[in-house]
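Input: a single structure, listed below in structure tokens.
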2 protein chains.
Amino acid sequence: MPNLYLALVHYPVVNKNGDVIASAVTNLDLHDIARAAKTYGVKEFFVATRLTDQIELTKRIIGHWTNGAGADYNPARRSALELIRTKASLEDVVSHIDAQEGVRPRTVATCARKFADAISYQRMRSLMNNGKPHLLVFGTAWGLAEETIRQADYILEPVTGNSDYNHLSVRSAASIILDRLVGR
Amino acid sequence: MPNLYLALVHYPVVNKNGDVIASAVTNLDLHDIARAAKTYGVKEFFVATRLTDQIELTKRIIGHWTNGAGADYNPARRSALELIRTKASLEDVVSHIDAQEGVRPRTVATCARKFADAISYQRMRSLMNNGKPHLLVFGTAWGLAEETIRQADYILEPVTGNSDYNHLSVRSAASIILDRLVGR
């Protein structure tokens, strides 16, 4: 199993005009990405937002499916949503993993745009085989803020299909990227 | 580009108890799967439901993003949602493609369970290279009814990650399967 963590960032991300914003948490992001994370053996799935009401909302959703009526109704959903942790920032996510693993994770930023120094899926897959913790970072809204991408240890190539259309949902992108990096 | 079509079936599908039901259309299924379909060069994306109110709802959502306020707000979303067609049944989808292509499409059913005669991704990918139309079929709710799966020309292997957890959302599964079958 990979030593892999995943973060879904809600601040700092950009809106369609490129302004840095804090986005709202989307219920189906939690469900879809938690289910994909569980499928691909991700250890923890972090929802990072600095908005305290959004942290409360996220905890309420998780609670419904892990302790509430949803847990009985759908145990498979429970085991996925149990992977979710809330954190106030990406820095807090990195500190949490550092404390848990005894080493800082290598961070891997994802973006729909191609960066000149982007790393290929094949190369990243091979690097992640070293057993050390890696943190895959996804942005909501129109994607991670440029500064957050630049600060990552690696920037992953965008997912290209077989067209020039590069507007996948973050739920689709996270699923495909997990499959490419750690699928059997 | 592949000669590929995609159908999202809302009847006949099964609920958690295995009963055959008609499921409700989910807004985010339309958006996520249309965006993935556009990314991977799918020609048309069919929403199949026998419920007329659900067909109306689907058309209203598509209209908002292709002719309404959403078309101006987000042209990239428009070009994805323009791929969506509504049909009353999977048979109607097949007839539509038959009329358009002059040949019936080969149908490829997807399922989270493994069938003894399931076809591998590698083999399916190679078969789809013949230029003839293929129709990828996905089920909502707890998946396609057994009879629908059995009637397909091919049953695709389930998506396995690297765990025994097989509860991906249909949005995630469709994205991963498109990437495996027709990604560059």
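The values are calculated or read from the model by the stated rules, or taken from the named source; none is laboratory data. The model shown is predicted, which means the values in this text are computed figures rather than measured ones. With ideal geometry, Cβ positions are generated from the backbone for all residues, glycine too; neighbour counts draw on all protein chains shown. The protein model used for the area step is the full one, side chains on, heavy atoms only, and it has no ligands, DNA or RNA in it. Shrake-Rupley method; radii C 1.70, N 1.55, O 1.52, S 1.80 Å.
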Failed item, numbered, when B:Asn130 is tested on (1) modelled with pLDDT under 95; (2) within 14 Å of another protein chain (Cβ to nearest Cβ): (2)
Residues of segment B:172-181 classified as buried (at least 23 other Cβ atoms within 10 Å of the Cβ) and in contact with a strand residue (DSSP E or B) (Cβ under 8 Å, 6 or more places away or on another chain), total: 4
Sole exception among (1) in contact with a strand residue (DSSP E or B) (Cβ under 6 Å, 6 or more places away or on another chain); (2) under 17 Å from A:Phe138 (Cα atoms); (3) more than 14 Å from chain B (Cβ to nearest Cβ); (4) free of Cβ contacts under 8 Å to residues at least 60 places away in the same chain for A:Pro105, by number: (4)
Selection count, segment A:23-39, where residues are within 9 Å of chain B (Cβ to nearest Cβ) and of a type outside the set (A, V, I, L, M): 6
Answer from A:Ile55, A:Ile33 - the residue that is under 30 Å from A:Arg184 (Cβ atoms) and aliphatic (A, V, I, L, M): A:Ile33
Residue in segment B:172-184 that is away from chain A (no Cβ under 14 Å) and more than 16 Å from the chain's Cα centre (by Cα) present: no
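With the requirement that a residue be part of a helix (DSSP H, G or I), within 18 Å of the chain's Cα centre (by Cα) and not hydroxyl-bearing (Ser, Thr, Tyr), what does segment A:78-93 give you? Before you say what the answer is, go through the steps one by one.
The first filter runs over segment A:78-93 and keeps only residues part of a helix (DSSP H, G or I), leaving A:78-81, A:90-93.
Narrowing further to those that are within 18 Å of the chain's Cα centre (by Cα): A:79-81, A:90-93.
Correct list: A:Ala80, A:Leu81, A:Leu90, A:Glu91, A:Asp92, A:Val93.
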Segments classed as helices (runs of 4 or more DSSP H), wholly inside segment B:3-77, with at least 1 members that are without any contact (Cβ under 8 Å) to a residue 12 or more places away in the chain: B:52-66, B:69-73
Segment B:133-171, subset without any contact (Cβ under 8 Å) to a residue 12 or more places away in the chain and within 14 Å of chain A (Cβ to nearest Cβ), residue surrounded by the fewest Cβ atoms within 10 Å (Cβ to Cβ): B:Asp164
Number of the condition not met by A:Ala69 [criteria: (1) small (Gly, Ala, Ser); (2) within 17 Å of the chain's Cα centre (by Cα); (3) at negative phi]: (2)
Any hit, segment B:145-166, residues being within 14 Å of B:Val13 (Cβ to Cβ), of a type in the set (Ser, Thr, Tyr) and under 13 Å from the mean Cα position of the chain (by Cα): no
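Looking at segment B:45-65, can you tell me whether even one residue there is within 12 Å of chain A (Cβ to nearest Cβ) and of a type in the set (S, T, N, Q)?
For segment B:45-65, residues within 12 Å of chain A (Cβ to nearest Cβ) and of a type in the set (S, T, N, Q): absent.
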Residue that is surrounded by 18 or more Cβ atoms within 10 Å (Cβ to Cβ), more than 14 Å from every other protein chain (Cβ to nearest Cβ) and at pLDDT 95 or above, where the choices are A:Val9, A:Val20, A:Val42: A:Val9
Odd one out for B:Tyr121 among (1) open to solvent by 50 Å² or more (accessible area, probe 1.4 Å); (2) hydroxyl-bearing (Ser, Thr, Tyr); (3) within 12 Å of chain A (Cβ to nearest Cβ): (1)
